Structure formats: C-alpha cells, structure tokens
Amino acid sequence: MKNGNKIRLFLVDDDALFLKSLEIEFLQHADFTIETFATGELCLQHMSNSPDVIILDYHLDGIDKQAMNGLQTLDKIKSYNSDIPVVMLSSQDSIDIAVNCMHHRAFDYVVKSETSFLRLQKIITTIFSYKKWKKS
C-alpha cells in the first residue's frame, strides 16, 4: 500500500453518477487514495499507479459501444498483475455471471443496489485485514 496506510483504490464504471457516488462514499468512510475511470482501457493505462484493489463494472459499454467489457478488462488486469484483487460489480443478479467472473479470477462479485457500498466496504476490509494486522 502506498501513502502510508492509505489503500489505493481504482473504481471503474461507465455510469458516471454511480461512479461518483461510490467515490464519495469511500472518501467519507475510509482513508483511500481513489482513481476513477469510465472505461477499462483508461484503467489499464494507469496500472503503473499500482492499485491495491480494483472495483470493476461488468458491462462498461455505456459510453463507447466498442469499449472492452469488464471480463476483458479483468483478464488484462490479471495478466498485468495477478495479485491485484478485483471485485466485479454489476446490475445483473445472475449466478451464471458471478460464477463466470470467478472463473476469470475475480475476488468477488457484487450486485449494484442500495447496499452495494456496504458490501464492497466489507470485502475490502477482508482483503486488507491481514495486511493491517501484519503491520501492527
């Protein structure tokens, strides 16, 4: 983790309103360094910034119909650095999609809802609880 104890978080979603609301929630509830991206391509261009965790939308074609989807982006992230935990986020509540994301080595799958921020926060806490404990 860079910047002391701050977790470097990448948020990737083509829904600008949802992306901004997630960013605000994370900034209000924890000490994160956050970078936001509207496409997977933009996220991949900034991988040298060494994110600790990435929250990645499953679809990503709202702005550009030719943009990479979430699974394509996930595969490229994992080929860049397989140790970065990626949490997939989608408005689709589908077991098949969730299982497919896990086959592509996503850390977890969260359905977009009014409670998705709380779920994401718990997942990130789980990811980094060992690292924080180890630093103590």
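Once both axes come from the Cα atoms, what is the angle between helix 70-80 and the longest principal axis of the chain, in degrees from 0 to 90, rounded to 10?
Roughly 50 degrees between the two axes.
Cα convex hull of the chain: how many Å³ per residue? The partial results should precede the final answer.
Values: hull volume 14.1 nm³, N = 136.
Taking only Cα atoms, the chain has a hull volume of 104 Å³ per residue.
Express in nm, to one decimal, how much length is gained between Ser113 and Asn5 on full extension, taking 0.36 nm for each residue of separation and deducting their alpha carbon distance.
36.0 nm
If we count trypsin sites (Lys or Arg not before Pro) as exposed when they sit in a DSSP loop and have at most 15 other beta carbons within 10 Å, what is the longest stretch of the chain that avoids them all?
Numbers: sites that count: Lys2, Lys6, Lys65, Arg105.
Between exposed loop sites, the widest span is 7-64.
A 23 angstrom limit on the alpha carbon distance is what I want to check against. Which of Lys6/Lys122; Lys65/Lys112; Lys76/Lys122 exceed it?
On the way: Lys6/Lys122 16 Å; Lys65/Lys112 21 Å; Lys76/Lys122 25 Å.
Lys76/Lys122, as the Cα separations exceed 23 Å there.
At a Cα cut-off below 17 Å, give the aspartates and glutamates reachable from Lys78, other chains included and same-chain residues fewer than 8 away excluded.
Within reach: Glu41, Asp52, Asp57, Asp108.
Multiplying the sequence separation of Thr125 and Met102 by 0.36 nm and subtracting their Cα-Cα distance, what value in nm do you get?
Numbers: separation 23, 0.36 × 23 = 8.28 nm, distance 1.93 nm.
Length gained between Thr125 and Met102: 6.4 nm.
Within the range 89-115, list the residues whose amide N lies under 19 Å from a label point set 7 Å along Cα→Cβ of Ser82.
The answer is 100-108, whose backbone nitrogens lie closer than 19 Å to the label point.
Here, each number is a calculation from the coordinates, and none is a lab measurement. For clarity, every value in this text was computed on a predicted model and none was experimentally measured. Cβ: placed from backbone, ideal geometry, glycine included. Neighbour counts: every protein chain shown.
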